Structure formats: C-alpha cells, structure tokens
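Data first, discussion second: the structure below is written as structure tokens.
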Amino acid sequence: MAEKDKYIRGRISWRSPSNIALVKYWGKKPVQIPANPSLSMTLSNAYTKTTLEYGPRRKDENGTGLEFWFEDRKQPGFEKKIADYLDSIQQELPFLSDLHLVLSSRNTFPHSTGIASSASAMSALCLCLATLSARFGGPEPGSLDFFRTASRLSRLASGSACRSVYGGYTIWGEMKEIKGTSDEFAIPVPFNVDPVFHDIRDAILVVSSREKLVSSRGGHALMEGHPYALPRYRMANDHMMQLTGAMQTGDMDEFIRITETEALNLHALMMSSVQSYILFEPGTIQIINAIRRFRKDTGVPVCFTLDAGPNVHMLYPGKHETTVRQWIEAELIQYLENGQWIDDHIGQGPVMR
Ligand code: PMV
C-alpha cells in the first residue's frame, strides 16, 4: 500500500432504525425543505445496517467510484440512485471524488412487507458518510454537529430519514415556538417527555405488501397546488403545539386524538389531490375500526397511525403488552397478509458498529 493511501482506506458501519411520524411531513419545497414541521418516534427492531468500505479511486477508474450491495446482491438500480445522490452532495463532501466506495446494506425487516425502508437506509448511509467526513476534518462522531451533519445529509437523501439519526422522539422543521428546531436538520425533542410516553410499543400490522400506486415523491408533488394545502399546513403546526404539550403533561387522550387525526389527514390529502388516489385496503379500515372499538371497550390506550401505505402502526404503552398481543393474535390476525406483523417499540437511535 502506498504511504499516502493509508489515510484513505477504511471501513465504517452503522445500524440505523426506521421512524414513524406522529405529525406527518407531507409536501415540500426545494431542496427537501418541509412544508410543515413533523414529529416522529424512532423505532428499534426495524433497522438497516450499512457498511462503507473506502479506498483511493484509481486514476484509470471510469464511472461513479461506487459499488452497492443489498443483502449480498449487487443492486444496479439502487446503485444509480445513490451515485446520483453522492453527486448532488459533491460540494459538501469534496473528498468523495478521490475515493472508491463499496457499500453493503441489509434490513432486519423483510422487504416484502411494504414497510418503508428509506428512513433507515438513508440515515444509515448518511451516518457512514458523516463518519467518513470526520476522517477528513468534519465534526467528530458523537458531537452535536456530527448528528446535525448526518441529519442534514439524510434529509437531502430522503426527507423523513433526517429524523432517524436520534433515538426517542424527534422534531424536524422550524417552529418559532420550539427553540432549536430547523428545516435543515432534525433535533431530539428539546423537553422532558412524560414517563407515560417512555415505553411506547409499535405493532406494525402488515395488511398488504404490494408496491404503492403512488410513490412518496409523487405524493409530495401533489401537495403543490393542492386545494387543502394551506389549511393542512396550519393544522400540522397546531398539532405540533398540541402534541408537544400533551407529551409534556402526559395527556394520553390528546396524544391519541392528534396521532389518529394526523394519520387520517394524510390519507385524506391523498384522496383529495388533483389526481386522487387511495392507499387504504379494506383491512386498513377494519383494523382502524377494531382499534377504536377495543379502546372504548377495554380502556386500553391503543391507537393507530399510518404511513403512506395500507399498513397500520398500532401504538400502545408497554404495560399493556400481554393484553394487546393476545388481542392481535385472536382478532386482528384475520386482516393481516400471511398473519404478518412486526413487534417494534420506541428505540435508542442509531449505533456505530
Ligand atoms: O421521506 P419521504 O419523502 O419518504 O416522505 C415520508 C412521508 C411520510 O412517511 C408519509 C410522513 C413522514 O413524516 O414520515
């Protein structure tokens, strides 16, 4: 190995979890600036592990200087997307043009479940890039600036990914009422969360694993000129204030009200855009109704939220774990594709390996 190359060879690994938004980001301005602030809970079991190996780019090397492997297979489609992304951040990370990168990535959750993986995948990649940047003079891993850099890089790759670089609850999007918030990067919630929200479980109920009719990119674009865009953004801001208030006072009823309204609001926007579309499946509605019934009948504070898809994230406090699991197996299982659900919970955030 040439002496100078010693400094540009290495290996970095991160595992980074997915997150579920309680107040949703839906609609954006260039470059990946959210139209409204959002608040999410970082998950634990649903994560991506990415390893970045780097070395000097050969003088005679053509192409992108990148190889991408997903679950031990070469993935030219993803490779092209990542190469385009790396190109777009070339000015921020100029050392990339001197390097050859080999990325290998795997998810813990089966990708045939229709669970969005862009938040975990892009945050894992960008934590690797931020760590690489530290080796070229960028902020040190573990520092505040490091996580902000990783969050900003993640945002540029896939908006909601910027919230996955921290554990617990995270806010992305500037709000004059909440100090430290930014459109550029996410921050951990800057207040003490009441203990009733410390151990929230997320049963991800897989209704359908079919590919979505409209991508999130297409959905965000349909918010431009959407007849309800302005009232929606106002409502999201109100929900942020109400939810952050409820999280500090321990108001579970208010937490449930906002979380469920947000989920239905997201889908109502899809159904009422100029080109309308529906991502619900019959099972989605049956589960929503069953959750509301169960809550009323038993007093167990279960609630639902939804991503841009038909699968239901059912949230509940950990102390009700046994009751809720039994109920899933007894009643909800009939609505699930191949009986599939993922047992997840609030997580501590990414880990460097
Ligand atoms: O990060 P994107 O572009 O995939 O958009 C995600 C949008 C939602 O998942 C529907 C909501 C959110 O805030 O995560």
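The values are calculated or read from the model by the stated rules, or taken from the named source; none is laboratory data. What you are looking at is a predicted structure, and each value in this text was computed from that prediction instead of being measured. Ideal geometry is used to build each Cβ from the backbone, glycine not excepted, and the neighbour counts take in all protein chains shown. Side chains are part of the model used for accessible areas, which takes the heavy atoms of the whole protein and leaves out ligands, DNA and RNA. Shrake-Rupley method; radii C 1.70, N 1.55, O 1.52, S 1.80 Å.
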| note | Those residues of the range 149-172 that are more than 13 Å from the ligand (Cβ to nearest atom) and of a type in the set (Lys, Arg) come to a total of 1
| Does Arg293 meet the test of being at pLDDT below 95 and either open to solvent by less than 10 Å² (accessible area, probe 1.4 Å) or not acidic (Asp, Glu) (or both)? | no
| query | Which residues, taken from the range 270-287, are within 23 Å of the chain's Cα centre (by Cα) and open to solvent by 10 Å² or more (accessible area, probe 1.4 Å)? | reply | Met271, Tyr277, Ile278, Leu279, Phe280, Glu281
| remark: Lys59: passes all of (1) loosely packed, with under 12 Cβ neighbours inside 10 Å; (2) touching a residue at least 40 places away in the same chain (Cβ under 8 Å); (3) assigned to a loop (DSSP other than H, G, I, E, B) but (2)
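To keep it simple, each residue is scored yes or no on (1) modelled with pLDDT of 95 or more; (2) in contact with a strand residue (DSSP E or B) (Cβ under 8 Å, 6 or more places away or on another chain); (3) at positive phi.
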site	(1), (2), (3)
Pro139	yes, no, no
Ala150	yes, no, no
Leu156	yes, no, no
Ala161	yes, no, no
Tyr166	yes, yes, no
Tyr169	yes, yes, no
Ile200	yes, yes, no
Leu205	yes, yes, no
Glu211	no, no, no
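Among the residues of the range 30-40, write down those that are within 13 Å of the ligand (Cβ to nearest atom) and either outside any loop (DSSP other than H, G, I, E, B) or of a type outside the set (Val, Ile, Thr) (or both). Talk me through it step by step, then tell me what you get.
As a first pass, look at the range 30-40 and keep what is within 13 Å of the ligand (Cβ to nearest atom): 31-40.
Gln32, Ile33, Pro34, Ala35, Asn36, Pro37, Ser38, Leu39, Ser40, listed by residue number.
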| task | Look at Thr108 and say whether it is at negative phi and open to solvent by less than 40 Å² (accessible area, probe 1.4 Å). | result | no
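Name the one entry in Leu22, Leu52, Leu43 that is within 22 Å of Tyr166 (Cα to Cα), more than 16 Å from the ligand (Cβ to nearest atom) and crowded, with 16+ Cβ neighbours inside 10 Å.
Of the residues listed, the single one that is within 22 Å of Tyr166 (Cα to Cα), more than 16 Å from the ligand (Cβ to nearest atom) and crowded, with 16+ Cβ neighbours inside 10 Å is Leu52.
The rows are residues; the columns are (1) within 16 Å of the ligand (Cβ to nearest atom); (2) of a type in the set (Gly, Ala, Ser); (3) more than 17 Å from Met271 (Cβ to Cβ); (4) under 19 Å from the mean Cα position of the chain (by Cα).
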residue: Phe191; (1), (2), (3), (4): no, no, yes, no
residue: Ala203; (1), (2), (3), (4): no, yes, yes, yes
residue: Glu211; (1), (2), (3), (4): yes, no, yes, yes
residue: Val214; (1), (2), (3), (4): yes, no, no, yes
residue: Arg234; (1), (2), (3), (4): no, no, yes, no
residue: Asn237; (1), (2), (3), (4): yes, no, yes, no
residue: Gly245; (1), (2), (3), (4): no, yes, yes, no
residue: Gln248; (1), (2), (3), (4): no, no, yes, no
| remark: Residues of the range 170-194 being open to solvent by less than 10 Å² (accessible area, probe 1.4 Å) and not hydrophobic (A, V, I, L, M, F, W, C), in sequence order, are Thr170, Gly173
| task | Please identify the pairs in which a residue from the range 281-292 that is closer than 22 Å to Arg210 by Cβ has its Cβ atom under 7 Å from the Cβ atom of a residue that is modelled with pLDDT of 95 or more and part of a helix (DSSP H, G or I), counting only partners at least 6 apart or on another chain. | result | Gly283/Tyr335; Gln286/Tyr335; Ile287/Leu332; Ile287/Tyr335; Ala290/Leu332
| said: Please verify whether Leu129 is over 17 Å from Ile20 (Cβ atoms), out of contact with any Cys (no Cβ under 7 Å at 6 or more places or on another chain) and surrounded by 24 or more Cβ atoms within 10 Å (Cβ to Cβ), treating the condition exactly as stated. | reply: yes
| task | Considering only the range 281-307, state which residues are of a type in the set (Asp, Glu) and either closer than 15 Å to Ala203 by Cα or touching a Gly at 6+ places or on another chain (Cβ under 7 Å) (or both). | result | Asp307
